[in-house]
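Notes follow the structure.
The values are calculated or read from the model by the stated rules, or taken from the named source; none is laboratory data. Bear in mind the structure is a predicted one, so any value in this text is a computation, not a measurement. Virtual Cβ from ideal backbone geometry, glycine too; neighbours counted across all protein chains shown.
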Amino acid sequence: MNNMIPLSVINRQDFTLLYFDLNDVKTPERIDKAYILSNNYCGDAAEKPVEVFINDSLSEEDYEFLNDSLKGARTYGQSGNVIADISENVKMLVSEYIPNWGITIKKQLQNPRLMITYHKDTIYPNCECNPFFDKEIFLSGYNHNIQSPWFCTAYSQTITFFAQNAGCNDIAIYLQYSPDRVRSVNDPQQLIIRPEETVDIIPYKFSKFTRMAAHSEHKQIALRMWFQTQLTNH
């Protein structure tokens, strides 16, 4: 699922400042990718890396301008060339680990747009070409609990989840099992992960659907996880 996010834009001679309201980002914990699109940035120039920065602060003049422009914020069409992948920047902002002062692109852009793609509710491994399937997901949210999408594990022979704490506080992770993605039970394993630590966790039980869940006492979670499975032939 794609979603175009309204932007407020300040163009300068050699950079563009972009700001979006966090309230316009639906289900932030399910963000997969975030891209900046632009019509006037194509050809050979589009292949050159574009520098992207999260702003530490704004001048009073720029802050007032952005606040005023947000009142009439525009939702742009979905056409255009992808000029920058700002997924990690957007995920950090929506997690509220840092204040949302916007993002600076080191390029003057005309009519830039922000497109966000979201994880599916359920991920079904595809084993037509390769019996091994893996998926990396970044989960973030400004709350005490968060869950990954459900993974269909009905045809899995072996399953391993990996998790890295990408935040600033300890978090607890565990697995959940479900027969129908409505009812669920928790795996008895619970692992505490310190910041930057990576752990693995293997399901104790077999179920049609499995997902990872995390809990934090500090109401802020940023978690990078991997789902890896060896699939049966069916």
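Below is a table of values for the structure above.
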item	result
Residue match in segment 207-221 (condition: touching a Gly at 6+ places or on another chain (Cβ under 6 Å), small (G, A, S) and surrounded by 18 or more Cβ atoms within 10 Å (Cβ to Cβ))	no
Filter result for the condition that a residue is farther than 26 Å from E96 by Cα, of a type outside the set (G, A, S) and assigned to a strand (DSSP E or B), over F133, F138	F133
Residue satisfying condition, being out of contact with any strand residue (DSSP E or B) (no Cβ under 6 Å at 6 or more places or on another chain) and either closer than 27 Å to N89 by Cβ or in contact (Cβ under 8 Å) with a residue 40 or more places away in the chain (or both), within set H218, H119	H218
Hey, F20 surrounded by fewer than 17 Cβ atoms within 10 Å (Cβ to Cβ), at pLDDT 70 or above, closer than 28 Å to L139 by Cβ and in contact with a strand residue (DSSP E or B) (Cβ under 7 Å, 6 or more places away or on another chain) or not	no
Test for F227: is it more than 19 Å from the chain's Cα centre (by Cα), at negative phi, at pLDDT 90 or above and of a type in the set (F, W, Y)	no
Residues (closer than 28 Å to Y97 by Cβ and of a type outside the set (F, W, Y)) located in segment 147-159	Q147, S148, P149
Qualifying residue in segment 147-157 (condition: in contact with a Phe, Trp or Tyr (Cβ under 6 Å, 6 or more places away or on another chain), closer than 27 Å to N23 by Cβ and in contact (Cβ under 8 Å) with a residue 40 or more places away in the chain)	yes
Matching residues in segment 97-123 - criterion: being loosely packed, with under 14 Cβ neighbours inside 10 Å, modelled with pLDDT of 80 or more and either closer than 26 Å to V182 by Cβ or assigned by TED's automatic domain parsing to the domain that holds V182 (or both)	T122
Pairs with Cβ under 9 Å, 6+ apart, first in segment 173-196 and of a type in the set (A, V, I, L, M), second in a loop (DSSP other than H, G, I, E, B) and loosely packed, with under 13 Cβ neighbours inside 10 Å	I173/Q189; L175/Q189; L175/I202; L175/Y204; L175/K205; V185/K205
